[in-house]
Amino acid sequence: LPAAVLLKDTKLMDVKLGQLGSWLAMRDFTPSGILGAVRRGYDRYYNKYINVRKGGIGGISMVLAGYIVLSYVWSYSHIKHDRRRKYH
């Protein structure tokens, strides 16, 4: 039983591939659990990159890069469709 408690408290990056199924089974997939996970992730990101004494543009540039990649993925089908079209 103590191994299960330790597995539940482990971070995703520390879980071995063989333990991934049981680790996912222990997660809380209710709306409040998902909201809590998103809130914890945002707080961790904010405290690591935004809320620092000697800040740089690292955190904001990561958000901007993520937005650029996401908008490219959203419009990829339109870009792919226009790729072979002649404009003359």
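The values are calculated or read from the model by the stated rules, or taken from the named source; none is laboratory data. Predicted, not measured: the structure shown is a model, and the values here were computed from it. No Cβ is skipped: glycine too gets one built from the backbone with ideal geometry, and neighbour counts run over all protein chains shown. In case anyone asks, the SASA skips ligands and DNA or RNA and just uses the protein heavy atoms, side chains included. Shrake-Rupley method; radii C 1.70, N 1.55, O 1.52, S 1.80 Å.
Restricting the stretch 1-28 to residues that are more than 18 Å from the chain's Cα centre (by Cα) and at pLDDT 85 or above, the residue that is surrounded by the fewest Cβ atoms within 10 Å (Cβ to Cβ) is L17. Out of the stretch 29-45, which residues are open to solvent by less than 90 Å² (accessible area, probe 1.4 Å) and not small (G, A, S)? Once the filter is applied, which keeps residues that are open to solvent by less than 90 Å² (accessible area, probe 1.4 Å) and not small (G, A, S), the stretch 29-45 yields T30, I34, D43, Y45. When the stretch 33-88 is limited to residues that are in a loop (DSSP other than H, G, I, E, B) and among the charged types (D, E, K, R), the one that is modelled with the highest pLDDT turns out to be R53.
Close contacts from the stretch 27-52, counting a first residue that is under 22 Å from V15 (Cα atoms) and a second that is at pLDDT 90 or above and of a type in the set (D, E), with Cβ to Cβ under 6 Å and a gap of 6+ residues or different chains, come to none at all. So is Y67 open to solvent by 80 Å² or more (accessible area, probe 1.4 Å), touching a residue at least 12 places away in the same chain (Cβ under 8 Å) and within 16 Å of the chain's Cα centre (by Cα) or not? Against the criterion (open to solvent by 80 Å² or more (accessible area, probe 1.4 Å), touching a residue at least 12 places away in the same chain (Cβ under 8 Å) and within 16 Å of the chain's Cα centre (by Cα)), Y67 does not qualify.
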